[in-house]
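What follows is one structure encoded as structure tokens, with my remarks underneath.
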Amino acid sequence: MGIGPAQLPDSRAAGHQFAIEVNGNAAVGDSRSRQWWCATPLEVVMPSSDELPAPSAIDALLRFLAERPDFDLLDVALTDPESIPAWPGLDIELLRAGQRLLRLVPDHDLDRAIALLRAGARSAIELADMPLPRFAERYGHALGDDRPLIERVHGRARAIRTHVHLLYVASRQSAEPHLPRALSTRRS
């Protein structure tokens, strides 16, 4: 894992549960004990960006991947700075977005993931927030205007978003201070 309990961020509200992303896994922790545990593989949620990435940044990313065949973009822990080799012009956030998109597209097709990246996509959460017609209009060309593929990628993005939301709700509900007391108290 990229970070451990001693490296978790301090919380101003000590004792509250929180969810973070660790090496492509959702982690839930407690800020009082500074303990954490992994829940399930997920994606990093990155804010939406209407700006397209610079072609030179994508070219640097593609050169990096081509010249580093030992670098497995699907499995590398990009939250751990030591796992990312230094490379001229490599944008780490773009690399992370590429990893999220690679995990999203069928058969982990790098060309499709890069096409979505060039079109401005960054994460499943961002893509799932769009209705299917808007997604198809904005990113359909990146997927070859293949309607079944567009629907499959959008459906996968929605499934990931739902999974993330359910994980968050479960972690928040288990942290509610009144929940154990409410469950153990009978009403007369």
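Laboratory data are not the source of any read-out in this text; all were calculated from the coordinates shown. Quick caveat: nothing in here was measured; it's all calculated off a predicted structure. With ideal geometry, Cβ positions are generated from the backbone for all residues, glycine too; neighbour counts draw on all protein chains shown.
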³J(HN,Hα), Karplus 6.51/-1.76/1.60, whole Hz, each residue of the range 158-163, x for Gly, Pro: 5, 5, 5, 4, 4, 4
For the range 125-172: span of alpha carbons on each principal axis (Å, largest first): 39, 15, 13
Residue-wise HN-Hα coupling along the range 120-134, computed from phi with Karplus coefficients 6.51, -1.76, 1.60 (Hz; x: Gly, Pro): x, 5, 10, 7, 5, 4, 4, 5, 5, 6, 8, x, 3, x, 5
For the range 81-126, with +1 on Lys and Arg beta carbons and -1 on Asp and Glu, the positive-most of 86, 110, 125 along the dipole: 125
Mean Cα-pair separation over length for the range 79-163, i.e. relative contact order, pairs under 8 Å, 6 or more apart, %: 27 percent
Geometric extent, Cα atoms of the range 58-188 - Rg, Dmax (angstrom): 19.3, 70
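Computed over the Cα atoms of the range 51-92, what is the ratio Rg over Rh, Rh following Kirkwood?
Working: Rg = 10.6 Å, Rh = 11.1 Å.
On the Cα set of the range 51-92, Rg over Rh gives 0.96.
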Backbone HN-Hα couplings from phi across the range 68-79 [Karplus 6.51/-1.76/1.60, Hz, Gly and Pro as x]: 10, x, 7, 7, 8, 4, 5, 10, 6, 7, 6, 7
